[in-house]
């Protein structure tokens, strides 16, 4: 079962937005290798239009652990459409989220803040000065206001949005909500709510988050009055030192009252309550609900700010992975860049597509476009395209060139082959796989045979495999077999157009790239001539 965001922060000193991690290979849609290769952190930076910490945390969690269920994805899409198309619903959700922004930070201060003591002065946002009364009141009011805002809202039409509203509203049925509303009882059994006290007869004090406690102050004044009544009347005249006898009793008692009462409330009420709230399943679900609302708004804001056409993709139920994209742009590189070149791409009956072309032609950028679009589709988000029809991928794999580690004992070829093996064993006919070059670190003959064996295996498994390669001889093998559709990146006048076109590239632009970076044959010759 997926942790709520409050549970994920349990060991942190302050909420951490990028807390979620991809699941191990084979257990989730993304593994760590694909997460890194697809550059999900950068994708998050571009899609992140969430205003709350909860919203950003939920969005990041969605990207690290995307959905693999068609109904769940469709439900999120329906909620996005309802917010986008219904001005009243959008205004209500935006108001709920914007109102929660200030209160959210106050709640986190209560839950995670560092107490400085009675006379400390807060200099950081995560520090609590005094005894925590103000921070306690502000923190619980943030939660109560959020619940109230949901309770005063209408009922959404989409089931997903209804479930999110219910998740927040249901906090009102929890015991933690009763503690926030009060009264809070402190007994020998610990902190108790009104409901918990119904069948309890043990003595208890009522916690009120303020130093001003009329009953206790009244008792102190009564005690002073009683002591004063014992002494003769003439002792209350001002002495030669100008100090009344009454002040001898009153001021020391008041100076003792503040640290004793404040310290008692902090240690026996506020800290136990905040520890209870911090581990509250109900409060965690409420924060998840707030985050999910903010995430839906972030999808819409991302689409509106992207700068080119975006669409909620048509998600399909198929026996094997398939996709058809028209006018697709990279979700990161095309963001606020209307001049970014769009491409069409279809992988419906094809099981293997080989992409060839010189360096800097856009092969890798295009394959990241495909995988990032698939990822965004599976969190319910808009994708940058004129049209997009996708099936749900149970796994998204991306194998990029990897340098071997000193302690793996296998070298580059063995390190890469281990990764390929893990992907092969975990993939199914519903998986999407990108292989960025293969069998590096060995001879050309071994590279050819190993690549043929691996690609044959993936083809027989029936998943969608996209191969990025400079090895046109390898592509020729599969073209002759009729098992691949070759694509190449286009160049015009030795310059990339960043368009993907049919065919196999058999040319190298290594010299052009070397000249561009100042390390061509002529550059080397010039350097050697000057140095001698």
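Could you order peptides 388-395, 42-49, 147-154 by the average number of other Cβ atoms within 10 Å of their residues, highest first?
The peptides rank, most packed first, as 388-395, 42-49, 147-154.
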Checking the a/c ratio against 1.5 first, then a/b against b/c, what shape does the Cα gyration tensor give for region 307-531? oblate
May I ask for the distance between the Cα centers of region 54-104 and region 2-46, given as a whole number of Å? 18
When only C-alpha pairs under 8 Å and at least 6 residues apart count, what is the relative contact order of the chain, in percent? 17
hull vol. (C-alpha, convex hull) per residue for region 250-355, Å³ -> 234
Region 464-523, relative contact order [Cα under 8 Å, separation at least 6], %: 23
Residue-span extension gain [residue 189 to residue 42] - 0.36 nm each, minus C-alpha spacing: 47.9 nm
Which whole-number percentage describes the relative contact order of region 52-206, with Cα contacts under 8 Å and a sequence gap of 6 or more? 17
Rg and Dmax of region 1-76, Cα atoms, in Å? 12.7, 37
From largest to smallest, what semi-axes in whole angstrom does the chain give when each is the square root of 5 times an eigenvalue of its alpha carbon gyration tensor? 64, 27, 21
Going highest first, how would you order 270-282, 184-196 by mean Cβ packing within 10 Å? 270-282, 184-196
Here the residues of region 294-336 lying in the modelled label zone of residue 348, meaning backbone nitrogen under 15 Å from a point 7 Å along Cα-to-Cβ, are 314-327
quick shape note, region 31-157: Cα extents on principal axes in Å, largest first -> 55, 43, 22
I'd like to compare 320-331, 284-295: which one has the highest average count of other Cβ atoms within 10 Å, and what's the full order after that? 284-295, 320-331
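Where a number appears in this text, it was derived from the coordinates with a stated rule and is not lab data. Please read these numbers as outputs of a predicted model, since none were measured by experiment. Every residue, glycine among them, receives a Cβ derived from its backbone with ideal geometry; neighbour counts consider all protein chains shown.
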